[in-house]
Amino acid sequence: NVVFQVIAAGDYFGKTIRLNSIKLNNVFKTASYQQSVANPTNEGWQGNATDNIDYHTDGTIVTTTLATPTAIQSYYIPQKFDDGTAYVTISYTITTENGTATPATETITVDKPLKDIFTESWKMGKKYICKITISLNEILWDPAVQDWEDGPSTPQTI
């Protein structure tokens with residue numbers, strides 16, 4: 001079970017942060033378990049990684065109140081991120097009221113390898129929560145594992 005939470009680092013007068021999307025790239029959402037007596041090294045989950053699984057898209061305004069966006073797909077099979085090909089993409093827009101009829105907008109898209117966020121592979125029976133803090137100059141990643149049971153986490157700054 002994978003959950004993303006978003007929060008703004010502070011109140012930014014005259015600025016609105018709007019979450020556009022969170023996408024998981026090159027992760028497995030379906031597979032079959034292969035067990036091989038003859039060749040135990042081939043044992044494990046077998047499947048194809050899926051690109052661009054939309055975790056969330058709806059333009060939610062990000063505030064200083066922690067929010068958990070509704071997930072389109074939040075359950076994935078156990079998997080490792082050793083090779084660095086699986087990553088999360090977050091897209092958000094900052095709108096600045098500038099006293100004109102047309103406010104200034106900037107859309108930011110950030111890619112982050114999942115191996116840099118989650119210090120261990122996803123395991124069965126675990127709930128992985130990644131708190132994303134958005135400020136005007138950086139994103140902070142604060143993953144955690146729940147139980148089902150606790151696990152290690154390492155805050156990340158982009």
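The values are calculated or read from the model by the stated rules, or taken from the named source; none is laboratory data. Treat the numbers as computed from the prediction; the structure is a model and nothing was measured. Only protein heavy atoms, including side chains, enter the accessible area calculation; ligands, DNA and RNA are left aside. Shrake-Rupley method; radii C 1.70, N 1.55, O 1.52, S 1.80 Å.
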Could you sort ILE61, ILE134 by their accessible area in this structure, using a 1.4 Å probe and putting the largest first? ILE61, ILE134
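Working from the alpha-carbon coordinates of the chain, get Rg over Rh, Rh being the Kirkwood radius. Could you put the intermediate results ahead of the total?
Numbers: Rg = 17.8 Å, Rh = 16.9 Å.
Taking Rh as the inverse mean 1/r over Cα pairs, Rg/Rh reads 1.05.
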Where a Cα-Cα gap under 22 Å defines reach, which lysines qualify for LYS123, not counting those fewer than 8 residues away within the same chain? LYS23, LYS29, LYS80, LYS112, LYS115, LYS131
Relative pair counts by distance (%), Cα atoms of the range 1-88, 10 Å bins: 15, 36, 26, 14, 7, 2, 0
Given a 1.4 Å probe, how much area per residue of the range 1-78 is accessible, in Å²? 57
Show the residues, 5+ positions off or on another chain, whose built amide H is closer than 5 Å to the amide H of TYR76. VAL2
Any chance you could list the semi-axes, whole Å, largest first, of the equivalent ellipsoid that the Cα gyration tensor gives for the range 65-149, using √(5λ)? 31, 14, 11
Per the 1.4 Å probe, what fraction of the accessible area of the chain, in percent, lies on carbon and sulfur atoms? 47
